[in-house]
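Q: Mind having a look at this structure? Questions to follow.
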Amino acid sequence: MTRSTTESRPLLALPITDDDRRIARYSAAAIALTIAEAALPSPLPGVKPGLANIIVLLVLLRHGWRDALWVGLLRVVAGSLLLGQFLAPGFFLALAGAVASLATLFFARHLPRRWFGAVSLSLLAAFAHIGGQIVLARLWLVPHDGVFYLLPVFATAALIFGTINGLVVARLFAVSPAPSFYQAGNES
Amino acid sequence: MNLPEELRTLFATARQGAPQQAWHTLFKAGDWLLFGVLLAASIAAYPLLWKGGVADRAIVRRDGQVVIELALDAPRQVSVAGALGPTVIEITPGRARILADPGPRQICVQQGWLTHANAIAICAPSHITLQLAGKQGNYDSLNY
């Protein structure tokens with residue numbers, strides 16, 4: 001009697017670690033905020049509250065930059081898949097913004113915590129976000145200096161939403177610096 | 001609702017009387033500093049990036065050929081020879097006009113001061129045009 005193929009061990013086993021579960025949970029929250037935000041009307045494409053960045057910053061403060069990178073990129077990819085925007089221009093703009101803001105956070109996280117709190121991180125991330133988007137738009141979508149006319153509006157939006165998101169992150173982090181079930185290890 | 005556990009704990013803590021904190025205490029010194037710098041930069045961005053319509057020189061042409069270019073920084077009057085006789089152009093800082101022209105209907109004279117980049121006054125009988133130019137104009141041409 002031959003062995004049934006269903007009884008054989010899988011050729012490739014992907015162990016799911018606690019890191020994976022944690023990143024998946026945070027990403028789910030960030031994606032939910034991305035979807036919710038897509039329903040909000042916007043006066044100008046690109047002017048959005050960026051609520052998902054609250055999650056990314058919270059992950060950065062709690063679990064370090066590597067986790068924030070995963071959550072930040074996963075929410076752009078998965079969010080765009082759910083919205084039907086994957087590989088559309090809007091997806092690349094969002095990706096450029098996310099990459100620029102995560103790169104900025106890579107350096108900004110070394111700012112002394114005593115003087116610079118979540119609001120600073122959020123403001124820097126928000127401005128890097130519009131910076132990355134407008135640079136990509138200039139290079140690729142609108143190859144004309146005219147796109148820079150929008151910069152003052154984007155900067156104002158980044159200032160307002162960056163501050164508000166930063167205050168939310170500061171408050172959430174003050175209430176709960178790290179969930180109890182993750183306190184052992186995982187600090188990168 | 002099936003929230004991620006982190007968020008559920010977080011919302012629960014926030015609901016059940018986490019110590020109330022005034023929002024401004026969440027700002028640290030460096031946060032205020034950075035906020036101030038970015039606020040100043042954002043405000044400064046408006047005039048810096050939206051001054052495209054400002055004219056900085058006047059170009060006088062006869063039959064389409066440039067006769068003279070005048071900077072709009074100091075008041076002066078210039079007389080240009082047109083097809084019917086001299087056309088007088090007056091400049092004051094930031095604007096220019098045709099002060100006098102021998103044309104029969106005086107259309108370009110009555111147009112008055114030109115203030116925006118690419119605004120143009122045409123004295124057709126004299127074959128003279130006066131056009132303002134800036135670094136970047138809002139319009140290809142302006143006429144009234």
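Q: If you count, for each residue, the other Cβ atoms within 10 Å and average over each peptide, how do A:126-132, A:79-85, A:45-51 line up from highest to lowest? Can you show the working numbers first?
A: Numbers: A:126-132: 23.7, A:79-85: 16.1, A:45-51: 18.3.
Packing order, densest peptide first, comes out as A:126-132, A:45-51, A:79-85.
Q: Kindly give Rg over Rh for the range A:38-188, based on alpha-carbon atoms, with the Kirkwood expression for the hydrodynamic radius. Could you put the intermediate results ahead of the total?
A: Details: Rg = 15.6 Å, Rh = 15.9 Å.
So for the range A:38-188, dividing Rg by the Kirkwood Rh gives 0.98.
Q: Follow-up. Say we join alpha carbon atoms closer than 10 Å with springs in a Gaussian network model of chain A; which of A:62, A:25, A:114 then has the biggest fluctuation?
A: The residue with the greatest mean-square fluctuation here is A:114.
Q: Provide the net charge surrounding residue B:24, with neighbours chosen by a C-beta distance below 14 Å and charges set as Lys +1, Arg +1, Asp -1, Glu -1.
A: Values: positive: A:171, B:28; negative: B:31.
Counting the neighbours of residue B:24, the net charge comes to +1.
Q: Between A:39, A:125, A:157, which gets the highest mean-square fluctuation from a Gaussian network model of chain A, Cα cutoff 10 Å?
A: A:39
Q: What is the list of residues in the range B:45-74 whose amide nitrogen lies under 14 Å from a point 7 angstrom out from the Cα of residue B:116, following Cα to Cβ?
A: From the range B:45-74, the list is B:51-55.
Q: Under the 0.36 nm per residue contour assumption, what length would be gained going from the current alpha-carbon distance of residue A:140 and residue A:87 to full extension? It would help to have the intermediate numbers written out before the result.
A: Working: separation 53, 0.36 × 53 = 19.08 nm, distance 1.40 nm.
Between residue A:140 and residue A:87, full extension yields 17.7 nm more.
Q: How large is ³J(HN,Hα), in whole Hz, for each residue of the range B:60-71 in order, when computed from phi with the Karplus curve 6.51 cos²θ - 1.76 cosθ + 1.60 and θ = phi - 60°, using x for Gly and Pro?
A: 9, 10, 10, 6, x, 8, 5, 8, 7, 10, 10, 6
Q: Next question. How much of the calculated P(r) for the range B:23-144 lies past 19 Å, in percent of all Cα pairs?
A: Values: 3991 of 7381 pairs.
Above the 19 Å cut-off, the range B:23-144 has 54 percent of its Cα pairs.
Q: Continuing with this model, one more query. Please give the helix A:151-175 orientation as an angle from the longest Cα principal axis of chain A, in degrees from 0 to 90, rounded to the nearest 10.
A: With both axes taken from Cα atoms, the answer is about 50 degrees.
Q: Roughly what would the spin-label model give for residue B:81 and residue B:48, points 7 Å off Cα along C-beta, in nm?
A: In this crude label model, residue B:81 to residue B:48 measures out at 4.8 nm.
Q: Right, here's the next one. Helix A:118-136 versus the longest principal axis of chain A: what angle, 0 to 90°, nearest 10, using Cα atoms?
A: 80 degrees
Q: Top mean-square fluctuation among A:116, A:91, A:154, Gaussian network model of chain A, C-alpha springs under 10 Å?
A: In this elastic network of chain A, the residue with the biggest mean-square fluctuation among A:116, A:91, A:154 is A:116.
Q: Can you give the mean number of other chain Cβ atoms that lie within 10 Å of the Cβ atoms in peptide A:144-152? Before the final figure, lay out each step's value.
A: Working: counts 0, 3, 2, 0, 3, 4, 1, 6, 10.
Per residue, the average neighbour count from other chains is 3.
Q: Given only helices, namely DSSP H runs of n ≥ 4 each adding -39500 (n - 2.57), what is the per-residue ellipticity at 222 nm of chain A, to the nearest 500 deg cm²/dmol? Display every interim value, and only then the final one.
A: Working: 6 runs with 116 residues, N = 188.
Helix-only estimate at 222 nm: -21000 deg cm²/dmol.
Q: Now a separate question. Order these peptides, B:124-131, A:54-61, B:112-119, by their mean beta-carbon neighbour count within 10 angstrom, highest first.
A: Values: B:124-131: 20.2, A:54-61: 25.9, B:112-119: 18.1.
Taking the mean over residues of other Cβ atoms within 10 Å, the ranking is A:54-61, B:124-131, B:112-119.
Q: Quick one: grab Rg to one decimal and Dmax as a whole number for the protein assembly as shown, Cα atoms only, in Å.
A: Cα radius of gyration and Dmax of the protein assembly as shown are 30.0, 114 Å respectively.
Q: What is the calculated FRET efficiency for residue B:9 to residue B:57, with r their C-beta to C-beta distance and R₀ = 56 Å, to the nearest 0.05? Walk me through the intermediate numbers first.
A: Working: r = 66 Å, r/R0 = 1.18.
Approximately 0.25, to the nearest 0.05.
Q: Relative to the present Cα-Cα distance, how much length would full extension add between residue A:174 and residue A:42 at 0.36 nm per residue of separation?
A: Values: separation 132, 0.36 × 132 = 47.52 nm, distance 3.10 nm.
In short, 44.4 nm is gained.
No lab work stands behind these numbers, since they all come straight from the coordinates. This one's a predicted model, so the numbers in the text were calculated from it and none came from an experiment. Quick reminder, even Gly has a Cβ in these numbers, built from the backbone with ideal geometry, and neighbours come from all protein chains shown.
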